[in-house]
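Q: Have a look at this one.
Just so it is clear, none of the values below were taken in a lab; they were calculated from the coordinates. Computed from a predicted model, the values in this text were never measured in an experiment. All Cβ positions, glycine included, derive from the backbone under ideal geometry; neighbour counts span all protein chains shown.
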Amino acid sequence: MSSILFVCLGNICRSPTAEAVFRARAAAAGLLDLHIDSAGTGSWHVGEPPDPRAIAAGAARGYALDGLRGREITVGDFDRFAHILVMDRKNMMKVNGLAPNAHGASVRLFLDYAGLQGAEVPDPYLGEADAFDAVLDMIERASDGLIAALKSPGQAARS
Ligand code: 4NP
C-alpha cells in the first residue's frame with residue numbers, strides 16, 4: 001500500500017482540498033489501496049474542519065471535505081508516508097526543516113505532478129472567492145499527474 005500526505009500551512013484550505021480531490025480521483029482511477037491524509041505546518045487550526053469556502057468550492061465539484069479535521073505535521077509522518085506533497089516553497093522549507101536525518105519519504109512540491117516544476121498552489125485564505133476554484137483546478141491537474149505516476153512507477157522515477 002502506498003501512502004500520501006498533503007501539506008500546506010493551516011490544513012484548512014489547500015491540503016484538505018488536495019486530500020479530498022486526490023481520494024476521489026484515485027478511487028475513480030482504480031487506485032484503492034492508498035493511505036491518504038493531510039496536515040499543516042502551523043497549529044492554529046488543529047481539530048478544526050476545513051474553511052467553509054474550501055468545503056463549498058469542493059462540494060460544488062462533488063468532493064467531500066466536511067468530515068476532515070486539521071492536524072499539524074509530525075516527525076513520525078516522514079516514516080509513515082511514502083510521498084509528502086507540499087503546496088508551496090515556504091512550507092517545503094518548513095517540512096524539510098522538520099525532517100529527520102534519515103527517512104524514506106519522497107518530499108516534493110505537489111504541482112511538480114501537474115508538469116509545473118517549481119510552481120506553487122497559492123494560499124487562498126486571504127484571497128478572493130474565486131481563489132478556491134483556481135486552487136481546485138491546480139489540485140485536480142496535479143492529482144491526475146500523481147495518479148499516473150503511481151500507476152506507472154517507471155514514470156514516477158522522475159522523483
Ligand atoms: P492553507 O491556508 O494553508 O491552505 O490551509 C491557510 C489557512 C489558515 C491560515 C493560513 C493559511 N492562517 O494563517 O490561519
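Q: May I ask you to list the residues in region 97-132 that are surrounded by fewer than 14 Cβ atoms within 10 Å (Cβ to Cβ), farther than 21 Å from Ser3 by Cβ and away from the ligand (no atom under 12 Å from the Cβ)?
A: If the condition is that a residue be surrounded by fewer than 14 Cβ atoms within 10 Å (Cβ to Cβ), farther than 21 Å from Ser3 by Cβ and away from the ligand (no atom under 12 Å from the Cβ), then Gly97, Gly115, Gln117, Gly118, Glu128, Ala129, Asp130 are the ones that fit.
Q: Give the residue that is nearest to the ligand (Cβ to nearest atom), with candidates limited to residues of region 5-26 that are of a type in the set (Lys, Arg) and surrounded by fewer than 24 Cβ atoms within 10 Å (Cβ to Cβ).
A: As a first pass, look at region 5-26 and keep what is of a type in the set (Lys, Arg): 14, 23, 25.
Subset that is surrounded by fewer than 24 Cβ atoms within 10 Å (Cβ to Cβ): 23, 25.
On the way: Arg23: 17, Arg25: 19 Å.
Across region 5-26, the extreme among qualifying residues is Arg23.
Q: So, one more: Being closer than 19 Å to Val121 by Cβ and either of a type outside the set (Lys, Arg) or more than 16 Å from the chain's Cα centre (by Cα) (or both) is the filter here, so list the residues in region 91-104 that pass it.
A: The initial filter retains those residues of region 91-104 that are closer than 19 Å to Val121 by Cβ, namely 91-96.
Passing the criteria: Asn91, Met92, Met93, Val95, Asn96.
Q: Looking at (1) loosely packed, with under 13 Cβ neighbours inside 10 Å; (2) within 16 Å of the ligand (Cβ to nearest atom); (3) under 14 Å from the mean Cα position of the chain (by Cα), which one does His35 not meet, given that it meets all the others?
A: Only one criterion is unmet by His35, namely (2).
Q: Here is a list of conditions, (1) under 20 Å from Asp137 (Cβ atoms); (2) within 13 Å of the ligand (Cβ to nearest atom); (3) assigned to a helix (DSSP H, G or I); (4) not polar (S, T, N, Q), and Ala59 meets all of them except one; can you say which number that is?
A: It is condition (2) that Ala59 fails.
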